[in-house]
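Written below as structure tokens is the structure these notes are about.
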Amino acid sequence: MKTALAIVQSTHITLYSCKYSKQTYTQHQLLVLILLKEFRNQHYRDFIEDIGDMGGVQEELGLMEIPHFTTLQKFFHRIKSLYLRYIFGKTVNLFYSGDDIIPITAIDSSGFTSGYSSHYYSARTGKIRKHFLKTSISVDTDKQAITGFVASKSRVHDTRHAEKLLRQCHKKRKSRCYVLDKGYDSEDIHRQIREDLHSDSIIPLRSWNADHVGGTYRQEMVLEFDKVRYGKRQLVETRFAVLKKRFGGDLKSRIFPIQMKEISGKMIVCNIHRFLQFLVIEVFYTAHFLSFEKI
């Protein structure tokens, strides 16, 4: 929570939404509570009930009183998605310094489910109607940090997500190589990575037994396919599995713009969680190295 608070305070988000605000809570306090709710993967009502028993959280945030759960809901509906994107960019920068370049970035897609039927309908019929929001992420295979994400309301082809995601993640942090599965097999994707981003691309062909392989870069995959670097691609699937298992694969919102904010929140807390793990690992190896030197 301290890391989330420090990141939010480092942004340009004002303390209050306007000068006529009641100023009972700051936007920083409410935003950190939203992120903590996503971290705990709880509904608003349950989360607020638990916060009442967390004196440490109240003291850290300087809360004089516990907000009503509808206060958090209204704030989350009101806050601009741009702010969450900006905070996500801040979490990416936690892992790097200066002009660090990522050795290998892996890209893959999955889906978040959203139950859009009412509680009354589900209770009467015993059914839960769901639809899926296709989401693609890019992951640094070394540090397991999510460097970019794209989501869509409908199911679209992987390559449409990849074109936007490649530009987004490369702008945040450049990578020497991008690895994608055969669902992204396209000469246009190869060309974007090689010629526009000036990086290596490793994408297997959809069919290795094809009589004719079109495209210069796709033909290169037949002749010189780097299995070692491509083996790192599975780590993006690992990150997706951790993201869904730890922070939930179901979206609680029913409106698409709010669902996008919810996905942004999951990406933010996932990166913060990974960064704290990364710090623990660094401290452990540093202590181990110093003890070895003494011997």
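The values are calculated or read from the model by the stated rules, or taken from the named source; none is laboratory data. Bear in mind that the values here come from a model prediction, so they are computed numbers and not experimental data. Using ideal geometry, Cβ is built from the backbone for each residue, glycine included, and neighbour counts are taken over all protein chains shown. The accessibility values were calculated without ligands, DNA or RNA, using every heavy atom of the protein model including side chains. Shrake-Rupley method; radii C 1.70, N 1.55, O 1.52, S 1.80 Å.
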Can you pull out the helices (runs of 4 or more DSSP H) entirely within the stretch 185-275 that have at least 2 residues that are among the aliphatic types (A, V, I, L, M), within 19 Å of residue 138 (Cα to Cα) and open to solvent by less than 30 Å² (accessible area, probe 1.4 Å)? 234-247
When the stretch 68-80 is checked residue by residue, the ones that are open to solvent by 40 Å² or more (accessible area, probe 1.4 Å) and within 24 Å of the chain's Cα centre (by Cα) are 73, 74, 77, 78, 80
Within the stretch 1-21, the residues that are open to solvent by 20 Å² or more (accessible area, probe 1.4 Å) and either among the charged types (D, E, K, R) or more than 20 Å from residue 270 (Cβ to Cβ) (or both) are 2, 9, 12, 14, 15, 16, 17, 18, 19, 20, 21
Within the stretch 92-102, residues being open to solvent by less than 50 Å² (accessible area, probe 1.4 Å) and either under 22 Å from residue 198 (Cα atoms) or modelled with pLDDT of 95 or more (or both) number 3
Every residue from the stretch 237-251 that is hydrophobic (A, V, I, L, M, F, W, C) and in contact with a Leu (Cβ under 9 Å, 6 or more places away or on another chain): 251
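Residues are listed down the side, and each one gets a yes or a no for (1) without any contact (Cβ under 8 Å) to a residue 12 or more places away in the chain; (2) over 30 Å from residue 250 (Cβ atoms); (3) among the basic types (Lys, Arg):
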| site | (1), (2), (3) |
| --- | --- |
| 138 | no, no, no |
| 152 | no, no, no |
| 156 | no, no, no |
| 170 | no, yes, no |
| 173 | no, no, yes |
| 186 | no, yes, no |
| 193 | no, yes, no |
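Residue-by-condition table, conditions (1) part of a loop (DSSP other than H, G, I, E, B); (2) over 20 Å from the mean Cα position of the chain (by Cα):
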site	(1), (2)
13	yes, yes
22	yes, yes
33	no, no
39	no, no
56	no, yes
66	yes, yes
88	no, no
107	no, no
Against the conditions (1) charged (D, E, K, R); (2) at pLDDT 90 or above; (3) under 30 Å from residue 38 (Cβ atoms), where does residue 187 fall short? Just the number, please. (3)
Applying the selection to the stretch 41-54, what residues are farther than 22 Å from residue 267 by Cβ, assigned to a loop (DSSP other than H, G, I, E, B) and open to solvent by 70 Å² or more (accessible area, probe 1.4 Å)? 53
Cβ contacts < 9 Å: first residue closer than 20 Å to residue 262 by Cα, restricted to the stretch 51-72; second residue surrounded by fewer than 16 Cβ atoms within 10 Å (Cβ to Cβ) and among the hydroxyl-bearing types (Ser, Thr, Tyr), any location; separation 6+ or different chain. Result? 67/24; 71/24
Restricted to the stretch 109-145 and to residues being assigned to a loop (DSSP other than H, G, I, E, B) and farther than 20 Å from residue 169 by Cα, the residue modelled with the highest pLDDT is 126
Taking residue 24 as meeting all but one of (1) in contact with a His (Cβ under 9 Å, 6 or more places away or on another chain); (2) modelled with pLDDT under 90; (3) open to solvent by 40 Å² or more (accessible area, probe 1.4 Å), write down the number of the exception. (1)
